[in-house]
1. Give the residue, chosen from 240, 176, that is at pLDDT 95 or above, within 13 Å of the ligand (Cβ to nearest atom) and under 21 Å from residue 41 (Cα atoms).
2. When you check residue 290 against the structure, is it modelled with pLDDT of 95 or more, surrounded by fewer than 20 Cβ atoms within 10 Å (Cβ to Cβ), small (Gly, Ala, Ser) and within 12 Å of the ligand (Cβ to nearest atom), yes or no?
3. List the number of the failed condition for residue 181; all other conditions in (1) assigned to a strand (DSSP E or B); (2) more than 8 Å from the ligand (Cβ to nearest atom) hold.
4. What's the number of the only condition in (1) touching a residue at least 40 places away in the same chain (Cβ under 8 Å); (2) more than 16 Å from the ligand (Cβ to nearest atom) that residue 270 fails to meet?
5. Cβ-Cβ below 7 Å, separation at least six or inter-chain, first residue in the range 193-204 and more than 10 Å from the ligand (Cβ to nearest atom), second part of a loop (DSSP other than H, G, I, E, B) and small (Gly, Ala, Ser): which pairs?
6. What is the one condition in (1) of a type outside the set (A, V, I, L, M, F, W, C); (2) touching a Gly at 6+ places or on another chain (Cβ under 6 Å); (3) free of Cβ contacts under 8 Å to residues at least 60 places away in the same chain that residue 334 does not satisfy?
7. So how many residues does the range 109-154 have that are within 10 Å of the ligand (Cβ to nearest atom), part of a helix (DSSP H, G or I) and of a type in the set (D, E, K, R)?
8. Take residue 170 and tell me if it is within 24 Å of residue 100 (Cβ to Cβ), out of contact with any Pro (no Cβ under 8 Å at 6 or more places or on another chain) and surrounded by fewer than 22 Cβ atoms within 10 Å (Cβ to Cβ).
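The values are calculated or read from the model by the stated rules, or taken from the named source; none is laboratory data. Owing to the predicted nature of the structure, the values given are computational and were not obtained by experimental measurement. Reconstructed Cβ throughout: ideal geometry from the backbone, glycine too, with neighbour counts over all protein chains shown.
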Amino acid sequence: MKKILITGGAGYIGSHTAVSLVEAGFEPIIIDNFSNSEKSVLAGLKNILGKEVVCYEGDCIDRDMMERIFSENDFKGVIHFAAFKAVGESTQLPLKYYSNNIDSLLILLEKMAKYGVKDLVFSSSCTVYGQPDELPVSEYTPRKEAESPYGNSKKICEDILRDYFKSGVNSRIISLRYFNPVGAHPSGEIGELPLGVPSNLVPFITQTAAGLREKLTVFGDDYDTPDGSCIRDYIHVMDLADAHVKALEFLFNQKDNFYDIFNVGTGNGNTVLEVIHTFEKVSKQKLNYSIGPRRPGDVEKVWANTEKINSYLGWKAKYSLEDSLRDSWNWQQKLRERG
Ligand code: WQD
């Protein structure tokens with residue numbers, strides 16, 4: 001079976017991608033330092049898949065660990081998720097973000113070259129666009145000044161991959177620019193596990209509905225949008241996982257070297273208030289929220305032009321916002337049962 005290394009594979013998107021990889025006939029091998037995930041994720045994967053997923057506990061910036069993993073496994077390809085991703089924290093700890101997010105990619109590329117592994121899917125982000133001038137935003141839109149060291153580290157990694165490819169090395173690489181990942185595996189066995197107080201909208205909503213948080217604050221309703229709250233492109237994590245499998249399969253079918261960038265979103269935008277009202281509909285309960293001031297650094301509105309990924313990879317989002325919120329709520333309730 002074709003082995004695929006998933007760095008950060010015990011994380012939110014990585015764990016869901018592990019499920020999709022197995023279902024597509026691949027064998028995922030995880031490396032994760034569990035700095036932003038829990039061992040319970042591995043049990044959840046076993047419950048879904050009916051078998052263990054091999055996981056190395058360690059750091060992608062640990063050269064010896066990466067040497068060991070590559071020497072012990074003959075990888076067909078790699079998906080690189082491992083990175084710190086808290087936008088706010090990155091402004092306080094920029095060096096931590098630059099060294100972790102960039103060094104992990106550089107060490108990974110070094111090991112891939114040494115062991116002749118050519119195919120890489122890289123986890124990038126729509127944050128590289130900042131506030132786009134035109135919407136929906138396409139990959140041809142020039143990237144803007146990053147709003148945070150986190151977003152800048154993603155831009156720098158994209159540039160590293162572009163220059164690495166242009167140097168003529170044997171490589172086939174895709175960068176996927178995620179919009180806003182939400183939802184959970186329909187089984188409720190795995191989902192988003194925010195550490196501490198969630199900064200992202202949907203986990204804050206589900207924790208408020210579960211009584212773990214007193215109230216949700218909507219960060220501003222005075223934007224130039226239909227109801228004044230910000231617009232985002234919320235994509236179900238299982239759609240996002242499927243996009244990674246499609247990207248790998250596309251690369252495996254390329255004869256020549258390849259590098260390109262694809263948006264991964266639904267192509268639709270929803271306001272914060274629409275998300276809240278949709279959640280109330282699927283959960284059949286009122287949400288306690290109030291309007292507060294804008295959050296510094298937020299862009300007003302962004303959603304994806306997905307024509308490129310639709311045509312190149314034959315991928316299109318299948319789940320709706322309702323599906324995402326239903327699955328997020330189901331996951332939150334399972335978490336409460338687990339205690
Ligand atoms: C969404 C909307 C908030 C919380 C982040 C990262 C980005 C990417 C996706 C990794 C915004 C509003 C939120 C709350 C609110 N991650 N909101 N009250 O900021 O679009 O993107 O996740 O690649 O890098 O920045 O997501 O979920 O934080 O916010 O009103 O308590 O919800 O203002 O409009 P964001 P988010």
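1. That would be 240, the only listed residue that is at pLDDT 95 or above, within 13 Å of the ligand (Cβ to nearest atom) and under 21 Å from residue 41 (Cα atoms).
2. Yes.
3. Only one criterion is unmet by residue 181, namely (2).
4. Of everything listed in (1) touching a residue at least 40 places away in the same chain (Cβ under 8 Å); (2) more than 16 Å from the ligand (Cβ to nearest atom), residue 270 misses just condition (2).
5. Note: pairs meeting the criteria are 193/37.
6. (3)
7. Residues that pass the stated criteria total 1.
8. Details: within 24 Å of residue 100 (Cβ to Cβ): no; out of contact with any Pro (no Cβ under 8 Å at 6 or more places or on another chain): yes; surrounded by fewer than 22 Cβ atoms within 10 Å (Cβ to Cβ): yes.
Taking the combined requirement at face value, the residue does not satisfy it.
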